[in-house]
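The values are calculated or read from the model by the stated rules, or taken from the named source; none is laboratory data. A quick note: this is a predicted structure, and the numbers were derived from the prediction, not measured. Here the Cβ is made from the backbone with ideal geometry for all residues, glycine too, and neighbour counts use every protein chain on show.
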Amino acid sequence: MLRYLNAGESHGPCLIAVLEGMPAGLPLTADMINVDLARRQGGYGRGGRMRIEQDCVEFLCGVRKGRTLGSPIGLMIRNKDWENWKEIMAPDPGPTPIQRVVTRPRPGHADLVGAIKYGHRDIRNVLEKASARETAMRVAVGAVAKALLAQFHMRVVSYTKEIGGVAAAEVTDPLQAYEQAESSPVRCPDPVAGEKMIERIRFAKHQGDSLGGVFEVVVTNPPIGLGSYAQWDRRLSARLAMAAMSIQAMKGVEIGLGFESARKLGSEVHDDIYYNPDQGMFVRKTNRAGGLEGGITNGQPIVIRVAMKPIATLYRPKHSVDIQTKEPFEATVERSDICTVPAAGVVGEAVIAYELANAMMEKFGGDHLDEMKRNYDAYQAYVRAF
């Protein structure tokens, strides 16, 4: 079993995480993680924070000479912007400059409900942890999970399907689509749709507004048998949906055909099963199920689409009420993005990779990577002989 905790405020000194359960012997370097951290900061429509931070991970423990030790892995990402917030975010007792106390909640954020729940009269105590800045560390943890999955020839990729109502053409080859998307400012594999998406973002920025969209995450080469139908919370489909919905601003998840399956006949939804004697495996010629049946992987690529709402902080503010004076006002503007769908896909990869790595550890276990590989190889031989 894998588990991790992350901590840190958006404008605090750093973000940290402790990841437990990774087997010993896994090749792992900071550069392997920093690649995805840089990808998270890219994408057309990002705001000023991305020009300040250049995220790099530091291992505090659990890794030696480029390999995991089997003990908890400590990760840290420093916040460069901390230098400008030392007085405001200082942990030592003392007053906060009155002009920096936040009492005006922004609609669509955790501001008001968080302040009520935790009894805060300075909303900054809420927004600092609720902020999507937190996803930088989740991408770092996800990159460690990707390193484990890669040892079993699995890849987790993403690309943008839609922004602001502009939809990309259907994808036939996820890996090719991913490679094409990585050269696009909006991470869209369809260049024509990508240009239209950029125009939509420009228009929204001019209007002081924001845009949401849809990204797709695909996991290639998963083994049959991850997850379980035996208990509701062991269904991998449920765990993946929860992971996707845990990302800030996500509002919907589809697996395979998703909501479209509700509009079709059963004969148009389910994937026929065949047996390939050359491969010694049961196969499917379609993947409408998105790689999951009964909460268990069926060996097909896992396909997940996630819907993201527009960023809630607008340069054309919504109406709100001051929690101190109870007077109406137009919501304050923190430094904000216009569209983060391209970056959200990278975060989506990370949270899905973590859940898949966890399922792999549950299924194949092992204190050392070599032991885990032996278990995996023996199981694959069993599947081929079934």
Against the condition surrounded by fewer than 24 Cβ atoms within 10 Å (Cβ to Cβ), of a type outside the set (Lys, Arg) and at pLDDT below 95, how does GLN207 come out, does it pass? yes
Selection over the range 1-25 where residues are within 17 Å of ARG64 (Cα to Cα) and not β-branched (Val, Ile, Thr) yields a count of 7
Of those in the range 169-195 that are assigned to a loop (DSSP other than H, G, I, E, B) and of a type in the set (Ser, Thr, Tyr), the residue surrounded by the fewest Cβ atoms within 10 Å (Cβ to Cβ) is THR172
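For (1) out of contact with any Leu (no Cβ under 6 Å at 6 or more places or on another chain); (2) under 26 Å from ALA344 (Cα atoms); (3) in a loop (DSSP other than H, G, I, E, B), each residue gets a yes or a no:
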position	(1), (2), (3)
LYS251	yes, yes, no
PHE259	yes, yes, no
THR286	yes, no, yes
PRO317	yes, yes, yes
In the range 106-135, anything more than 22 Å from the chain's Cα centre (by Cα), of a type in the set (Lys, Arg) and within 26 Å of ARG78 (Cβ to Cβ) is listed as ARG124
For this session: Kindly establish whether VAL217 is touching an Asp or Glu at 6+ places or on another chain (Cβ under 8 Å), hydrophobic (A, V, I, L, M, F, W, C) and within 29 Å of LEU5 (Cβ to Cβ).
Result: yes
The residue from GLY252, GLY213, GLY227, GLY295 that alone is in contact with a Gly (Cβ under 8 Å, 6 or more places away or on another chain) and within 27 Å of GLN176 (Cβ to Cβ) is GLY213
Subset of the range 78-105, residues assigned to a loop (DSSP other than H, G, I, E, B), under 30 Å from the mean Cα position of the chain (by Cα) and hydrophobic (A, V, I, L, M, F, W, C), comes to TRP85, ILE88, MET89, ALA90, VAL102
Query raised in the report: Among the residues of the range 332-353, is there at least one that is surrounded by fewer than 14 Cβ atoms within 10 Å (Cβ to Cβ) and either under 27 Å from VAL102 (Cα atoms) or in contact with a Cys (Cβ under 8 Å, 6 or more places away or on another chain) (or both)?
Result: yes
Worksheet item: Within the range 196-203, can one find any residue that is surrounded by 24 or more Cβ atoms within 10 Å (Cβ to Cβ) and part of a loop (DSSP other than H, G, I, E, B)?
Response: no
inquiry  = Residue under question is LYS318, and the condition is that it be closer than 14 Å to GLY213 by Cα, exposed (fewer than 13 other Cβ atoms within 10 Å of the Cβ) and not hydroxyl-bearing (Ser, Thr, Tyr); does it hold?
reply    = no
Within the bounds of the range 123-142, is there any residue that is more than 19 Å from VAL341 (Cα to Cα), in contact with a His (Cβ under 7 Å, 6 or more places away or on another chain) and not β-branched (Val, Ile, Thr)? yes
Across the range 330-382, the tally of residues that are farther than 30 Å from GLU216 by Cβ and either touching a residue at least 12 places away in the same chain (Cβ under 8 Å) or assigned to a helix (DSSP H, G or I) (or both) stands at 15
If we take the range 109-168, then helices (runs of 4 or more DSSP H) inside it with 3 or more residues that are in contact (Cβ under 8 Å) with a residue 40 or more places away in the chain are 124-130, 135-150
query: Just wondering, is there one or more residues in the range 55-64 that are surrounded by fewer than 16 Cβ atoms within 10 Å (Cβ to Cβ) and under 30 Å from LYS318 (Cα atoms)?
result: no
